[in-house]
Amino acid sequence: MSPSHPRTPRQVINFSKQKGKEIIANFDGGLITSDAGIVWIAELDKKLGITEKFGNCFQDHRHQSYVDHSVHELLAQRLYGIILGYEDVNDHDKLRHHPALKIALEKLNELEDKKGWLAGKSTINRLEYCPETILDQKTSRYHKIEPNFKAIEKSFVEFFFRVL
């Protein structure tokens, strides 16, 4: 027997809206994840601009017509994966379909669409794999995202002084 009125959740947590859709958390069951805290981490990241500023410290030599994920998105996805406890790059082949991570990376409208998939391990690996034997990143087949270590160092120092 079902109740005549819809059950209201005891406790509701409201997140910020995304693309006109309200994001809430409640404790009544349904589609469940233990990783929903990443949405709050992502909101903090957006307010502080950490991954956005960090993403500006990389030179992207990929042909833009083939790019589905910006350097900023790749960095945010990798960082959020590590925060969730998924330290290996190969975990991202499963995480690319993770609903809470998609919400954190603002891919909410594409939860079921292939365009909404997050980056897989091969794409994420482009951030981390940088063989020193490659002399010209622009023509290299394998390494197309090049870090600027001086800019990274400077951004960490600027962020440190900003939060003091």
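Selection of the stretch 42-58 for residues being of a type in the set (Phe, Trp, Tyr) and out of contact with any Pro (no Cβ under 8 Å at 6 or more places or on another chain) yields only PHE54. Looking across the stretch 70-88, the residues that are buried (at least 19 other Cβ atoms within 10 Å of the Cβ) and either over 8 Å from the mean Cα position of the chain (by Cα) or small (Gly, Ala, Ser) (or both) come down to VAL71, ALA76, GLY81, LEU84. Just to be sure before I move on: is ILE103 farther than 30 Å from PHE15 by Cα, surrounded by 15 or more Cβ atoms within 10 Å (Cβ to Cβ) and modelled with pLDDT of 80 or more in the structure I sent? Judged against the criteria, ILE103 is not a match. Pairing residues of the stretch 11-30 that are closer than 16 Å to ALA42 by Cα with residues that are of a type in the set (Gly, Ala, Ser), at Cβ distances under 6 Å and at least 6 apart in sequence or on separate chains, gives ILE13/ALA25; ALA25/ALA36.
One residue is enough: does the stretch 138-159 have a residue meeting the conditions modelled with pLDDT of 85 or more, among the small types (Gly, Ala, Ser), under 21 Å from ASP45 (Cβ atoms) and in contact with a helix residue (DSSP H, G or I) (Cβ under 8 Å, 6 or more places away or on another chain)? Within the stretch 138-159 (the criterion being modelled with pLDDT of 85 or more, among the small types (Gly, Ala, Ser), under 21 Å from ASP45 (Cβ atoms) and in contact with a helix residue (DSSP H, G or I) (Cβ under 8 Å, 6 or more places away or on another chain)), the answer is yes, since at least one residue qualifies.
The values are calculated or read from the model by the stated rules, or taken from the named source; none is laboratory data. Quantities reported herein were computed from a predicted structural model and do not represent experimental measurements. Note that we place each Cβ from the backbone using ideal geometry, even for glycine, and neighbour counts take in every protein chain shown.
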